Amino acid sequence: MATLHHHLLPLQRLPNSPRPPPPRLRLPTKPSRPHSRLLPRAAASTTATVSALEDFRRWLASHSVGDGGKAFPAAVPEGLGLVAARDLPRGEVVAEVPKKLWMDADAVAASDIGRACGGGGGLRPWVAVALLLLSEVARGADSPWAPYLAILPRQIDSTIFWSEEELLEIQGTQLLSTTVGVKEYVQSEFDSVQAEIISTNKDLFPGSITFDDFLWAFGILRSRVFPELRGDKLALVPFADLVNHSPDITSEGSSWEIKGKGLFGRELMFSLRTPVDVKSGQQIYIQYDLDKSNAELALDYGFVESNPSRDSYTVTLEISESDPFYENKLDIAELNGLGETAYFDIILDEPLPPQMLPYLRLLCIGGTDAFLLEALFRNSIWGHLELPLSPDNEESICQVMQDACKSALAAYHTTIEEDEELSERENLQPRLTIAIGVRSGEKKVLQHIDNIFKQRGEELDGLEYYQERRLKDLGLVGDNGEIIFGSPRYCF
């Protein structure tokens, strides 16, 4: 029989990160650790001071960035953003940032951090850039990026920065288990670089670097790096990374590109374009990622959208090793591009993923249906699994999924109705708004899944199963469904 888990896949931008554990009803209690000693407490606000913003503008001008009079950095409701200096048509280039200003692998290699780490090539790209970021913060005014670093937020609403009390608001959600898993992953990376790099290079980190500092650097990278600039290409791009997200921007096309400029195009530039027309004085927005769920938006950026297509739930199915047909089922799954464990992202009000029902039927095969697992059917069984096999098998998959939904829904400490009532209150704290949006969305998807299988269970008598289809293929069933014992096809 299938074993069903309900946890969210770790985001793909975390290479080699462990799959997070199932949702926990109680947060683990850990010893308190030192707060950040590197980041100034006075800079706890998400919005830069007026003087810091002016210094940043002058720094940009000194490098001929933003001198075209098209856009400028400014305080906006989200914190900081890019504002149009004049009317801008769709596709207008509003910023070109030269590579010399980027904080990336090349900047690491050219820095003291790179020299201490053998060029930084032995580190994960994000770890190398995070260390560069922290070392430059430690340098203060002596850093060539000082004006840029001064405007970076010291507080982000990503769930990795939530207190244990705040995390209780997402009790039962997949986001909670993912958040815990991500923090454990970052902690393991910090422990490694602390022992191998930070503690042996005190001159590069004058202050004491704590896990909170390292987590802040991770959060900055996760929230500010453009999606395609990940992995080995990971880079912070000052000025361009101020552009904020809007759900009203639905264009799939990229709003930026990296291109060559100057003599023979040797100087790389990050070029940012407007995805829509923008009036003078209005903020310039882009679409961060149309495919992210609300849980991913909350984890990466610290916001959610009121959009059903952002509400999702990842169902994890696996073939139990105690299944007497384990080897056969695993072989069939692997032949069809799946494995012992399979993950299916369910989106609110959308159909189930195409391979989910066949995989479920495979997991639940037993009894008189087990003959289909024989080698004779190995090349054809998946086609049979795409349609109902037998009443018992179909009833089993409905029961498995309904039980799983019931179990998952029981882990939340609020109902959908209570969440909707809470969301109508005024002046909700941003993090509570995020929590309500995520947990309510997950519960709606679980109800959506439960309804699909409840309805399917009510229709079992009207479905056509493998034996009926096989008899029809042999010409042994009449037009009205009656079995023909003397088919003319076999009369001589």
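The values are calculated or read from the model by the stated rules, or taken from the named source; none is laboratory data. In this text the structure is predicted, and so the values were computed from the model without any measurement. Backbone-built Cβ (ideal geometry, glycine too); neighbour counts: all protein chains shown. Keep in mind that these areas ignore ligands, DNA and RNA; they rest on the heavy atoms of the full protein, side chains included. Shrake-Rupley method; radii C 1.70, N 1.55, O 1.52, S 1.80 Å.
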Breaking point among (1) open to solvent by less than 50 Å² (accessible area, probe 1.4 Å); (2) of a type outside the set (A, V, I, L, M); (3) over 18 Å from the mean Cα position of the chain (by Cα); (4) within 25 Å of residue 78 (Cβ to Cβ), for residue 248: (1)
Condition check for residue 212: over 21 Å from the mean Cα position of the chain (by Cα) and in a helix (DSSP H, G or I): yes
Any residue that is touching a residue at least 24 places away in the same chain (Cβ under 8 Å) and in contact with a Pro (Cβ under 7 Å, 6 or more places away or on another chain) - is there at least one of those in the stretch 405-418? yes
So residue 183 fits all but one of (1) farther than 30 Å from residue 55 by Cα; (2) assigned to a loop (DSSP other than H, G, I, E, B); (3) open to solvent by 20 Å² or more (accessible area, probe 1.4 Å); (4) not aliphatic (A, V, I, L, M); what number is the exception? (2)
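Return a yes/no flag: does the stretch 153-162 have any residue that is within 23 Å of residue 56 (Cα to Cα) and crowded, with 19+ Cβ neighbours inside 10 Å.
Initially, the stretch 153-162 is screened for residues within 23 Å of residue 56 (Cα to Cα), giving 153-156.
Now drop any that are not crowded, with 19+ Cβ neighbours inside 10 Å, which leaves 153, 156.
Yes, that holds for at least one residue.
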Just give me the residues in the stretch 192-209 being more than 26 Å from the chain's Cα centre (by Cα) and either in a helix (DSSP H, G or I) or among the polar types (S, T, N, Q) (or both), in sequence order. 194, 195, 196, 197, 198, 199, 200, 201, 208
Return the pair list, or none, for Cβ contacts closer than 6 Å from residues in the stretch 47-69 that are assigned by the TED database to the domain that holds residue 142 to residues that are among the aromatic types (Phe, Trp, Tyr) and in a loop (DSSP other than H, G, I, E, B), at least 6 apart or on different chains. 60/239; 65/239
Just to be sure I understand, how many residues within the stretch 97-123 are open to solvent by 40 Å² or more (accessible area, probe 1.4 Å) and more than 28 Å from the chain's Cα centre (by Cα)? 7
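Would you pick out the residues in the stretch 127-151 that are farther than 22 Å from residue 194 by Cβ and either out of contact with any strand residue (DSSP E or B) (no Cβ under 9 Å at 6 or more places or on another chain) or not β-branched (Val, Ile, Thr) (or both)?
Applying the first criterion (farther than 22 Å from residue 194 by Cβ) to the stretch 127-151 yields 141-142, 144-148, 150-151.
Matches in the stretch 127-151: 141, 142, 144, 145, 146, 147, 148, 150.
Going by the conditions given, is residue 384 touching a residue at least 40 places away in the same chain (Cβ under 8 Å) and in contact with a Gly (Cβ under 8 Å, 6 or more places away or on another chain)?
On the way: touching a residue at least 40 places away in the same chain (Cβ under 8 Å): yes; in contact with a Gly (Cβ under 8 Å, 6 or more places away or on another chain): no.
Taking the combined requirement at face value, the residue does not satisfy it.
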Does any residue of the stretch 373-396 turn out to be crowded, with 18+ Cβ neighbours inside 10 Å and out of contact with any helix residue (DSSP H, G or I) (no Cβ under 8 Å at 6 or more places or on another chain)? no
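Could you identify the single residue in 268, 272, 297 that is assigned by the TED database to the domain that holds residue 174, open to solvent by 60 Å² or more (accessible area, probe 1.4 Å) and not in a loop (DSSP other than H, G, I, E, B)? First the steps, then the outcome.
Values: 272 fails: open to solvent by 60 Å² or more (accessible area, probe 1.4 Å); 297 fails: open to solvent by 60 Å² or more (accessible area, probe 1.4 Å).
Only one candidate qualifies: 268.
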Is it the case, given these coordinates, that residue 241 is open to solvent by 10 Å² or more (accessible area, probe 1.4 Å) and either more than 25 Å from residue 138 (Cα to Cα) or in a helix (DSSP H, G or I) (or both)? yes
For residue 305, are the conditions met, namely being open to solvent by less than 30 Å² (accessible area, probe 1.4 Å), outside any strand (DSSP E or B) and of a type in the set (Asp, Glu)? yes
Are there any pairs with C-beta distances below 7 angstrom linking a residue in the stretch 117-146 that is outside the structural domain of residue 102 (by the TED database) and of a type in the set (A, V, I, L, M) to a residue that is open to solvent by 30 Å² or more (accessible area, probe 1.4 Å) and part of a helix (DSSP H, G or I), with the two at least 6 apart or on different chains, and if so which? none
What do you reckon, is residue 168 open to solvent by 50 Å² or more (accessible area, probe 1.4 Å), on the phi < 0 side of the Ramachandran plot and aliphatic (A, V, I, L, M)? yes
